[in-house]
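Rule-based calculations on the coordinates, nothing more; no lab input. Quick caveat, the model's predicted, so the values are computed rather than measured. Please note: Cβ atoms are built from the backbone with ideal geometry, for glycine as well, and neighbour counts cover all protein chains shown.
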Amino acid sequence: MEDKAQSGLQHIPSGGALTLHSVRSSIFARGRRDAANSSSNSAYQRAVAEYNAGRFPEAAASFSQAADQGHAESQYILSTMYDAGKGVPQDDAQAARWERTAAEQGHVYAQANLSFRCYSASDFAGAFEWCQRAADGELAWAQYNLGLMYQKGEGVAPSEAEAAHWYRLAASQGLADAQQRLADLYYLGQSIPRSYTQAALWYRRAAEQGSARAQFQLGHLYDVGLGIEHDYTLYRYWTRMAAEQGHEGALREVNRRDYRDP
Amino acid sequence: MSLMPAEIILQPSPNAAGFAEKRERLAAVRAALAEREADIAQIRYQLKAFEGRYLQRVGVLYAELDEITARITEREVDLYDSDSARRRAQEARQRAQETHEAAFGADQEPEEFDPSPSLKTLFREVAKRIHPDFASDEAEQKHFTLLMTRANHAYRCGDAETLQRLLDDHLEVNASVAYEGDGLALLRLVRQIHHAERDIAALDREHQTLLGSEIGQLYTGAEAASREGRDLLAELAASLRERIADAQYRLEFVDRQVSAHGR
């Protein structure tokens, strides 16, 4: 076959040559990055000890040394120290610089902070991009924030279906706000198929963590028996819990009920 | 170069003096070249061995981690279908495949040596000119041995460019020798020195490239750690095992979700 003859001619044996530019270079790059960011970096260890002893200027100097060596965690901590003016004079430019360096190395907290910095400067596209990277890095509140940006259409075309996906990832990690938002989307059933069962399930998880809106909504579901069996006692329990936190709807409901059913 | 008359008297001819000087120079440069060549061969060998250890102890763990991560994202699609869930799953699966190939690919390389006819011809042309058996003296024999090693390596790697350069060098050096004469012999020496210096520069560049590469830097880091009594590959493997355990936990969690209230 023609193909075969051609591939025979073009075949170049790799011999014992090193695989510098092959598919392997990325697996080497990961190892090098992970090694550079190892917690056994001596400047980093010294910095942590100094920080814990409250010697912040010394800690900042040591973090700075490790940061120059490419230690992402040190770069991130250094950026927060510049932000707070801790051990170093407050300096937004330095904070932003180290935050970006760490973010570009894949440090998820730095990515999330950078996203917030972009957001504060009304750079929604930048905020979305960095938030997405932090969310891909499994950071729960970045996943939640990404959900919010999808829901509000900030830096991206609005999509509640996408929002639901990111809320779910954050909710699975136990973030109460995300659990409540996901339950809302199931309850409303506009962009994703309505499911009172799912709504009740996620409201309950958020309610157990103290989310007032989720407690109120869960109470409501017990009251009307949607997604769960009607249960007057639990309706009263969750509504009162929400009211104790000052949830307006719950307060109205409790006042009305106390009048009617003391 | 202007020479004092007294020196002219002392020395048979200015050409002979220049000739001796150039011969010495060539010997020195070729000695330096041989040393560089040995260094590079050593580094290549060390990096190759380190590469194998790295893939065996760390690379396979990256492959395992990426496989679990890919499964998690695929389960998430089962759990809740959306464009970004599918995009994540596709990306994670592709990455897992790439990592797997990178980590286990070595086993699938049978190292079959099947040079093209044109490469074979080129190699023969080079070999018959620089074979150590054809050297005129001991110094040349030593140098030819080195060139022959290089030619063999280039041939095994399918590196036609290096073979062609070896051939061109030889032709350039010997083109004028047919009209033997002092001046031409000197020119020949100058060319040989030039070639050796150029090769040293090329080896220095290769040295830089090797140590500057990702695997080279990793190797340098591992060597530095080992001087501190640390085992960098073991540290990397330990932290990866933690990440794998963590990913495994997340996979089981998403599995339970799928079976509890999947689609």
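Data table
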read-out	value
Residues within segment B:154-177 that are among the aliphatic types (A, V, I, L, M) and more than 14 Å from every other protein chain (Cβ to nearest Cβ), tallied	6
B:Val77 being of a type outside the set (Gly, Ala, Ser), within 12 Å of another protein chain (Cβ to nearest Cβ) and surrounded by 13 or more Cβ atoms within 10 Å (Cβ to Cβ)	yes
Number of the condition not met by B:Lys142 [criteria: (1) within 13 Å of chain A (Cβ to nearest Cβ); (2) more than 23 Å from the chain's Cα centre (by Cα)]	(1)
Qualifying residue in segment A:179-191 (condition: touching a helix residue (DSSP H, G or I) at 6+ places or on another chain (Cβ under 6 Å), surrounded by fewer than 21 Cβ atoms within 10 Å (Cβ to Cβ), under 30 Å from A:Phe116 (Cα atoms) and within 13 Å of another protein chain (Cβ to nearest Cβ))	yes
Residue match in segment A:119-131 (condition: in contact (Cβ under 8 Å) with a residue 12 or more places away in the chain and within 25 Å of A:Ala60 (Cβ to Cβ))	yes
Subset of segment B:229-255 that is at the interface with chain A (Cβ under 8 Å from one of its Cβ atoms) and either of a type in the set (A, V, I, L, M) or not in a helix (DSSP H, G or I) (or both) - its residue that is surrounded by the fewest Cβ atoms within 10 Å (Cβ to Cβ)	B:Arg230
